[in-house]
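Below is one structure, written out as structure tokens; comments come after it.
Please treat every number below as a calculation from the coordinates, not as lab data. A quick note: this is a predicted structure, and the numbers were derived from the prediction, not measured. All Cβ positions, glycine included, derive from the backbone under ideal geometry; neighbour counts span all protein chains shown.
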Amino acid sequence: MTGAGSGIGRAIAETFVRCKARVFLHDINPAAGKLASAIGAEFLPGDLADAEAVRRLASTALEKSGGKIDILVNNAGFQHIAKVEEFPEETFITMIQVMLIAPFQLIRALLPPMKQSGWGRIINVASIHAVVASPFKSAYISAKHGLLGLTRCVALEAAPFGVTVNALCPAYVRTPLVEKQIADQAREHGLTTDEVIQKIMLEPAAIKRLIEPSEVADFVVYLCSEPGAIISGSAQMLDLGWTAR
């Protein structure tokens, strides 16, 4: 499970631990090792911006697990907001590596043992920005659109082998990343944090609230259950009605 040191990834890791799963918790921040120990997970550090580090992460996970990972959750990500003509090229490339190429690398390494055993689950944490666009997020939206395409393609290839592949497309979730965005936009627009949430973030949503990380985690558990086996190749819109218009 990548990017599991906080936010959605942490909630998913904690939920799977409570379900008695053996959890490999990845994060770039070494401090996440303490979290892993605290919740009963095993910590695997690594920088997904480094393609070789991703390959090492996959091989380490396979070695520690005895050759097969049953469930892969690609969650790691970050944002940079800027006009496209001002967007740093290096940052764009890094974001594509972390949020699109790294998931491809991990799927490429971990899918064959799933197919061989006849069971597996791959969950790609995308965003509503995998299906809609917003200004000033060119790299993030490019990566998330690509991740949805990757999800659909791998789902078709893996279906005959009992492996499902799905993308989660949540609206704004109450995570440290979103809390930082709220604070940044409040300063930029001269608004209170509550005004940012209501007037900017939740304006397109039908249900006017943030999503809790635990709600996303519970949905992941469902997709990994036997009743969830009928769902594959999907963009699961956990969006509070955002895209219903």
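Summing +1 for each Lys or Arg and -1 for each Asp or Glu among the other residues whose beta-carbon sits under 9 angstrom from that of M114 gives +2.
Look at the alpha carbon pairs under 8 Å that are at least 6 residues apart: their mean separation over the length of the chain gives a relative contact order of 20 percent. Cross-link partners of K208 among lysines, defined as those whose alpha carbon lies under 30 angstrom from its own and excluding same-chain residues fewer than eight positions apart: K83, K137, K144, K180, K199. Think of the chain as having a plus end and a minus end, set by charges on the Cβ of Lys, Arg, Asp and Glu; of N75, F92, S59, S59 sits farthest toward the positive end of this dipole. Computed from Cα positions, the angle between helix 213-223 and the longest principal axis of the chain comes to roughly 40 degrees. Residue exposure proxy: R55, R121, ordered by other Cβ atoms within 10 angstrom of their Cβ from fewest to most, comes out as R55, R121. Secondary structure note: in the chain, about 0% of the DSSP beta bridges are antiparallel.
In degrees, nearest 10, range 0 to 90: what is the angle between the Cα axis of helix 51-65 and the longest Cα principal axis of the chain? The angle comes out at about 50 degrees. Computed over region 1-144, the P(r) curve from all C-alpha pair distances, binned at 5 Å from the origin, holds 2, 10, 19, 21, 20, 14, 8, 4, 2, 0 percent per bin. Across region 24-36, computed HN-Hα scalar couplings (Karplus, 6.51 cos²θ - 1.76 cosθ + 1.60, θ = phi - 60°) run 9, 9, 9, 6, 6, 7, x, 4, 5, x, 5, 4, 4 Hz from first to last residue, x flagging Gly and Pro. For C224, C153, C19, the sequence from fewest to most other C-beta atoms within 10 Å is C19, C153, C224. Measure nothing fancy, just the Cα-based angle from helix 138-158's long axis to the longest principal axis of the chain, in degrees from 0 to 90, nearest 10. Long axis of 138-158 versus the principal axis of the chain: about 30 degrees. Only the Cβ atoms of Lys and Arg (+1) and of Asp and Glu (-1) were treated as charged; on that basis the dipole of the chain about its Cα centre amounts to roughly 580 debye. Under the rule of -39500 (n - 2.57) per DSSP H run of 4 or more residues, summed and divided by the residues of the chain, what mean residue ellipticity at 222 nm is obtained, to the nearest 500 deg cm²/dmol? Roughly -13500 deg cm²/dmol at 222 nm, from the helical runs in the chain.
Taking Cβ atoms as reference points and 12 Å as the exclusive limit, the residues near K137 contribute a net charge of +2, counting Lys and Arg as +1 and Asp and Glu as -1. Gyration tensor analysis over the Cα atoms of region 149-245 returns equivalent ellipsoid semi-axes of 33, 12, 12 Å (largest first, whole Å).
Given q = 0.07, 0.12 Å⁻¹, what are the Debye log10 I(q)/I(0) values for the chain, with equal point scatterers placed on the Cα positions and solvent ignored? Log10 of I(q)/I(0), two decimals: -0.22, -0.67. Couplings 3J(HN,Hα) of region 100-113, computed from phi: 10, 6, 4, x, 4, 4, 5, 4, 4, 7, 9, 5, x, x Hz, in residue order, whole Hz [Karplus 6.51 cos²θ - 1.76 cosθ + 1.60, θ = phi - 60°; x for Gly and Pro]. Taking Cβ atoms as reference points and 11 Å as the exclusive limit, the residues near A36 contribute a net charge of -1, counting Lys and Arg as +1 and Asp and Glu as -1. Under a 10 Å cutoff between Cα atoms, tell me which one of I211, I200, I122 has the largest fluctuation in the Gaussian network model of the chain. Sorting by GNM fluctuation, first place goes to I200.
Shown in residue order for region 181-197 are the 3J(HN,Hα) couplings computed by the Karplus curve 6.51 cos²θ - 1.76 cosθ + 1.60 at θ = phi - 60°: 4, 4, 5, 5, 6, 4, 5, 5, 9, x, 10, 6, 4, 5, 5, 4, 4 Hz (x for Gly and Pro). Highest mobility in the GNM of the chain, judged by mean-square fluctuation with C-alpha springs under 10 Å and restricted to G77, G146, G190, is found for G190.
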